[in-house]
Each structure stands twice: as C-alpha cells, then as structure tokens.
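Novice: One structure is given below, represented as structure tokens, and several questions about it will come after.
Any read-out appearing in this document is the output of simple, stated calculations on the displayed coordinates, not a laboratory observation. It should be emphasised that the depicted structure is a prediction, and the values quoted were computed from it without experimental measurement. As a convention, Cβ positions derive from the backbone with ideal geometry for all residues, glycine included, and neighbour counts pool all protein chains shown.
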Amino acid sequence: MPKKKNEKTTVFRKRKVAEKTTEKENPKLPVREAPVRQASDKPFNKVQGKPIQPFDKLKAVSKTEPQVHGEPIQESTEKEIQEFPKNNNGKEKYYQAIGRRKNSIARVRLYTKKSTDIIEEESALLFVNGKDYIDYFSDVNLRSVVESPLRKLKSLNRFKAVILVRGGGLSGQAEAIKHGLSRALVQFDQNFKKKLKKGGFLTRDPRAKERRKYGLKKARKAPQWQKR
C-alpha cells in the first residue's frame with residue numbers, strides 16, 4: 001500500500017517555495033540609517049536653525065519691545081485704555097473683589113475718596129472700563145442698580161471705585177458690579193456685612209437663561225398641538 005503524504009508538510013513546503021520566489025522577484029532593499037548630527041559644544045536653536053549665542057553677547061531688550069524668535073516687533077500706536085489709574089507713588093491702597101451675574105464678570109477695586117477728588121452731590125465716583133458710570137450706563141435704572149450698595153450704607157460720596165467688567169449685556173454687567181462692589185465694601189469694613197446681607201447684596205444670583213430643548217421653540221414653549 002502506498003503511504004499517504006502528510007498534508008501539513010506539503011503546505012509548509014509550498015509556502016517556503018513561494019517565499020523564495022517572491023524574494024527573487026522583489027529583493028529586500030537595504031535599510032537606510034538616519035543621519036547622525038555631529039555633536040557640537042554650542043547649543044542649537046531648533047526654531048531659527050542657528051547656534052544660540054552666549055548670554056554675555058545677547059543685547060538687553062526693553063520690556064516695551066515684545067519679541068518673537070529674537071526679533072523686536074513694533075507696538076501698535078493705538079491708545080490703550082488705562083484700566084486701573086495709579087497714584088504718583090503707585091502705592092495707593094485698595095480693596096479688590098469680583099462680582100458675577102449671568103455671563104458678566106466684574107472686578108472692583110475700592111479706594112477711599114480723597115479731598116482732591118471732585119464729585120457731584122447725587123452721584124458716586126465710579127469708573128467702568130475707563131469711563132464714568134453715568135456715561136457707560138445710559139439707563140437711569142441701571143445706574144441706580146450700580147449705586148444701590150453705596151446708597152444702602154448711606155455712603156455714596158465716601159468711596160471711589162475702578163471697575164473692569166466683561167461679558168454679557170448691560171443689565172448683567174450692572175448686576176455684576178453691584179455684587180462685586182458689595183463684596184469689596186465688606187472687605188473694607190466687616191460691620192457692613194450684616195446690613196448688606198440682609199438686603200440681599202452679597203448673594204450670587206444664579207438665575208440665567210434656560211437652554212432650548214429639541215422639539216420645542218424655546219426652553220418651554222412648544223409648537224401648536226394638532227389632534228389630527
């Protein structure tokens with residue numbers, strides 16, 4: 001009886017033959033080695049592609065000239081708003097607090113009023129984003145919201161405040177200033193806390209616009225329902 005050939009051995013031999021034929025048709029290319037950079041004593045700047053100069057040879061550049069990759073850039077000639085006015089000696093004491101409402105954030109710096117500060121009888125000394133708050137808020141109701149913490153303490157002409165406010169609309173900004181100003185007054189004197197907290201000036205108002213839901217026109221408003 002002739003012996004049966006093992007199927008596994010025949011498959012293995014066929015694979016070996018196939019591999020040899022492919023190697024002859026497509027010979028393997030030699031692997032290229034990556035170029036090796038010669039080590040140098042000087043450190044190398046990857047951005048400019050030049051060796052870095054030693055610290056002694058670098059030119060001193062003033063703070064007014066910002067640099068990008070070692071090249072000075074001319075500043076814009078636009079007049080920037082002076083955010084917080086400084087005193088001549090630059091050591092004027094202030095009390096800082098942050099107020100929030102909706103999407104508005106206000107940073108308040110509270111100063112004590114000096115004899116040189118000129119102020120009207122029925123208005124406070126408040127500056128919002130480099131402007132007087134009367135010019136910034138054209139609506140009388142929003143002005144009264146900003147003044148309300150000072151009027152509650154009956155000290156409208158006692159303080160001076162410089163405020164930076166960002167985000168939201170005028171209504172939210174006025175409420176944020178009110179919140180931040182109340183917090184700054186508490187930092188100035190802890191005795192103000194009881195009266196301001198009772199009036200609700202120190203509580204952060206969490207109310208905000210509710211998000212719209214799919215299938216509805218607004219947050220709660222739905223389209224007209226039809227039976228058939």
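Novice: Given Cα positions, please report Rg to Rh for segment 95-198, the hydrodynamic radius being the Kirkwood one. List each step's numbers first, then the result.
Specialist: Values: Rg = 12.5 Å, Rh = 13.4 Å.
Value, to two decimals: 0.93.
Novice: If the limit is 20 Å between Cα atoms, which of 131/197; 113/197; 102/218; 152/193; 114/178 go over it? Write down the numbers at each step before the final one.
Specialist: Working: 131/197 29 Å; 113/197 24 Å; 102/218 18 Å; 152/193 12 Å; 114/178 22 Å.
Violating the 20 Å Cα-Cα cut-off are 131/197; 113/197; 114/178.
Novice: Want the number for residue 208 to residue 227: 0.36 nm per residue separation, take away the alpha-carbon distance, what's left? Please list the in-between numbers first.
Specialist: Numbers: separation 19, 0.36 × 19 = 6.84 nm, distance 3.44 nm.
Once the chain is fully extended between residue 208 and residue 227, it gains 3.4 nm.
Novice: Quick one: which of 156-168, 185-197, 211-223, 98-110 comes out on top by average Cβ neighbours within 10 Å, and what's the full order, highest first?
Specialist: Values: 156-168: 19.1, 185-197: 15.2, 211-223: 9.2, 98-110: 21.0.
Per-residue Cβ counts within 10 Å, averaged per peptide and sorted highest first, yield 98-110, 156-168, 185-197, 211-223.
Novice: When you count, for each residue, the other Cβ atoms within 10 Å and take the mean per peptide, how do 132-143, 169-180 rank with the highest first? Write out the running numbers ahead of the final one.
Specialist: Numbers: 132-143: 14.7, 169-180: 22.8.
For the peptides 132-143, 169-180, the packing ranking is 169-180, 132-143.
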